[in-house]
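Some notes on the structure that comes next.
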Amino acid sequence: MNYNIGFADLFIRFVIGLMIIIFKINGDIPAGIWSVVLLAVAIIFIGTAAVGKCPIYHVLGISSKRDAA
């Protein structure tokens with residue numbers, strides 16, 4: 001598999017996704033459509049961080065991963 005997410009990008013995605021979920025659990029994000037949208041974003045961020053591949057990066061030809069020398 002061709003990974004296209006570097007470590008810094010992966011870490012930031014995971015932390016942001018985790019923070020959104022923690023804020024939702026604590027009740028800091030009120031219920032509503034934006035709550036559902038934020039949870040979807042959190043799941044996508046954590047999922048792409050876990051896999052190491054971003055479909056949008058693939059389509060745009062972007063990679064934040066350094067090439068191994």
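The values are calculated or read from the model by the stated rules, or taken from the named source; none is laboratory data. Because the structure is predicted, anything quoted here is derived from the model rather than measured. When we count neighbours, we look across all protein chains shown, and the Cβ atoms used for this are built from the backbone with ideal geometry, even at glycine. When the accessible area is computed, the model is the full protein with side chains, heavy atoms only, and any ligands, DNA or RNA have been set aside. Shrake-Rupley method; radii C 1.70, N 1.55, O 1.52, S 1.80 Å.
Starting from 0.36 nm per residue, how many nanometres of slack lie between Asn26 and Ile62 once their C-alpha separation is accounted for? It would help to have the intermediate numbers written out before the result.
Numbers: separation 36, 0.36 × 36 = 12.96 nm, distance 3.52 nm.
Answer, rounded to one decimal: 9.4 nm.
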Original post:
By accessible area of protein heavy atoms, probe 1.4 Å, what ranking do Phe11, Phe23, Phe45 get, highest first?
Top reply: Phe11, Phe23, Phe45
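Could you check how much of the accessible area of the chain is carbon and sulfur, as a whole percent, using a 1.4 Å probe? Don't jump to the answer; show the numbers that get you there.
Working: 3790 of 5150 Å².
Heavy-atom surface of the chain belonging to carbon and sulfur, 1.4 Å probe: 74 percent.
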Subject >> Cα long-axis angle, helix 7-26 against the chain (0 to 90 degrees, to the nearest 10) >> reply: 10
Subject >> Orientation-averaged projected area, Cα convex hull of the chain (nm²) >> reply: 5.2
Original post:
Hey, what did the chain get for relative contact order, percent, Cα under 8 Å, at least 6 apart?
Top reply: 56
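With every protein chain present, what is the per residue accessible area of the chain (1.4 Å probe, Å²)?
Values: 5150 Å² over 69 residues.
I get 75 Å² per residue for this part.
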Subject >> Between 0 and 90°, nearest 10: helix 33-51 axis offset from the chain longest Cα axis >> reply: 30
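Less than 14 Å Cβ to Cβ from Thr48, Lys/Arg counted +1 and Asp/Glu -1: what total charge do the surrounding residues give?
Local net charge: +2.
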